[in-house]
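A quick write-up on the structure given underneath.
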Amino acid sequence: MNIKIAYIAALVGYFGLLTLHLFWHTVLIPPASLPVSLALAIALFPLLFPLRGLLHGRPKSVIWAAYLSLAYFTHGVLSVAGEKVERIPASLEVFFSLALFFAAVYYVRNLAKSSVERKQSV
């Protein structure tokens, strides 16, 4: 896998999580006990922290996005085991969070290797 492909896969996982939670809490299954705006703030606010660095491909931000994806992975697994209505969006959440995690780790790992190789060749 190429570094560029891994970066694009990380972005797909990230924006997949972002749009999934946006639709999940507004259109698919709006929360009954919370206001929609509070549910969106809880679900989307943590994803906004690494956004700028992730769009610029900065390794530190990409790794922080991977760390955040583990919390969404846990939420997705617990939701899959929970109510039957939430299984499809929760399965998508698990998929997007795993895609983000593995692609981000691959991207940062190979970015470091390629920079070491460039320094040795010069």
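The values are calculated or read from the model by the stated rules, or taken from the named source; none is laboratory data. Being a predicted model, the structure only gives us computed values, none of them experimental. Cβ placement follows ideal geometry from the backbone for every residue including glycine, while neighbour counts extend to all protein chains displayed.
A compact table of results
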read-out: Any pair with Cβ under 6 angstrom, 6 or more apart, that starts in the stretch 32-48 at a residue that is closer than 12 Å to Leu22 by Cα and touching a residue at least 24 places away in the same chain (Cβ under 8 Å) and ends at one that is in a helix (DSSP H, G or I) and among the β-branched types (Val, Ile, Thr); value: none
read-out: Residue count, the stretch 64-103 (criterion: of a type in the set (A, V, I, L, M), closer than 20 Å to Pro30 by Cβ and surrounded by fewer than 16 Cβ atoms within 10 Å (Cβ to Cβ)); value: 3
read-out: Any chance Val105 is touching a Ser or Thr at 6+ places or on another chain (Cβ under 8 Å) and part of a helix (DSSP H, G or I); value: no
read-out: Residue under evaluation Phe45, criteria (1) over 17 Å from the mean Cα position of the chain (by Cα); (2) exposed (fewer than 14 other Cβ atoms within 10 Å of the Cβ), criterion not met; value: (1)
read-out: Any hit, the stretch 104-112, residues being at pLDDT 95 or above and either exposed (fewer than 14 other Cβ atoms within 10 Å of the Cβ) or within 16 Å of Leu17 (Cα to Cα) (or both); value: yes
read-out: Pairs with Cβ under 8 Å, 6+ apart, first in the stretch 76-88 and charged (D, E, K, R), second surrounded by 12 or more Cβ atoms within 10 Å (Cβ to Cβ) and part of a helix (DSSP H, G or I); value: Glu86/Ser79; Glu86/Val80; Arg87/Ser79; Arg87/Val80
